[in-house]
1. What does a probe at Asp89 reach in the range 31-54, counting residues whose amide N is under 15 Å from the point 7 Å along Cα→Cβ?
2. For the range 54-59, in order, what is each residue's ³J(HN,Hα) by Karplus, 6.51 cos²θ - 1.76 cosθ + 1.60 with θ = phi - 60°, in whole Hz (x at glycine and Pro)?
3. Which order, highest average first, do 82-94, 14-26 follow once you tally other Cβ atoms within 10 Å for each residue and take the mean per peptide?
4. Report, in deg cm²/dmol and to the nearest 500, the calculated mean residue ellipticity at 222 nm for the chain, where each DSSP H run with n ≥ 4 adds -39500 (n - 2.57) and the sum is divided by the residue count.
5. According to a simple spin-label model (label point 7 Å from Cα along Cα-to-Cβ), what is the distance in nm between Asp42 and Asp237?
6. If you put +1 on each Lys and Arg Cβ and -1 on each Asp and Glu Cβ, how big is the dipole of the range 2-250 around its Cα centre, in Debye rounded to 20?
7. Could you work out how far apart the two model spin labels at Leu205 and Asp12 are, taking each label as a point 7 Å from the Cα in the direction of the beta carbon, and quote it in nm?
8. If the cut-off is a Cα-Cα distance under 19 Å, which lysines reach Lys44, setting aside same-chain residues fewer than 8 apart in sequence?
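Readers should treat all values here as calculations from the given coordinates under stated rules, not as data from a laboratory. Just so it is clear, the model here is predicted, and its values are computed rather than measured. A quick note on method: Cβ atoms are made from the backbone with ideal geometry, for glycine too, and the neighbour counts reach across all protein chains shown.
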Amino acid sequence: MIEVHQFPCLSDNYGYLLHDTESGETVCIDTPDADAYLREADHKGWRITQIWNTHWHPDHAGGNKDIKAATGCVIVAPKAEAPQIDAIDRTVAGGDSVSIGSHQASVIDVGGHTKGHITYHLPDAGIAFVGDSVFALGCGRMFEGTADQFWASLKRIKALPDDTLLYCAHEYTAANARFALHADPENEALAQYADEVAERRDRDLPTVPTRLERELAANPFLRADDPDMQARWGGGDAVATFAALRTAKDNF
Ligand code: ZN
Ligand code: FE
C-alpha cells in the first residue's frame, strides 16, 4: 500500500513523504526543508530511500544535499534542469518511469513554470505530485517557459483520470480563489469551491490535495479551452486565453 504523509514546510510549501508499506521504501517529493523532512520521516519510523525532484527552485531542491548526506538516498531529477540541481543520481524526462517498491510512477513533462518541470503520476494509487505546475484553482507563474509550452503541459494534466488526486507544492488556494472568481464570475462550481476553501482556511485546514475533476470544473487556467472563457478573455484559442489569464493573474 502507498501512503502519503503531508506536512507544512517553509512559509507556504507542503512537504510530502511517499511510503510503500510492502518494500519499506520512502520517497521525498522535493526537498524544501531538509530538517523538516528528516524529522517527519523519523516520527513516522520511515527510512528515506529516494528523492524525486519536480524542478530546480530552492524551495523544491534546496534540501537535496543534506537529506542525501543523512540517508544515502538516491536522487531523481528532471534532465533539463540537471545543471541547477544538487547531488543527482538519475535524470528523467517525460515518458520515463520511476518506482517505489513495486509501484510505478510515470514522469510527465509539465514545463512552463520552469522549462524542465516534471510531474510524477502513480496511476495505481491515483495520485500525482505536480509541484508548481498546477495549483488548486491556479497554476505556477510562467518564469521560464512559453504559453504554448505551459498550455501543452496543462493538457497533459487534464488528460489524467478525473479522480486523480493532485498534490500541489504550495497552499496558495485562497489567493487563487480570489482571482478565479474574477476570471470566471458565473461559474457555480467555482463559487461553491471558493466558499469551501474560505471555510477550510478559517479552520487552518489544508486545501491540498485537490481532485482533478474539481479543477477541471473550476480552475480558470485549466478552462482556457472553454468557449465561455475564450469569449471573456479573448484570443480565440486556448493558448492565447491561457496567456491572457496568466498575465492578468500576475497583475491581479
Ligand atoms: Zn517553483
Ligand atoms: Fe515552489
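1. Within reach of a label on Asp89: 47-53.
2. Residue by residue, the range 54-59 yields 8, 6, 7, 3, x, 7 Hz.
3. 14-26, 82-94
4. -10000 deg cm²/dmol
5. 5.4 nm
6. Values: 22 positive and 39 negative charges, 89 e Å.
So the magnitude is around 420 debye.
7. Those two pseudo-labels are separated by 2.1 nm.
8. Here the lysines satisfying the reach criterion relative to Lys44 are Lys68.
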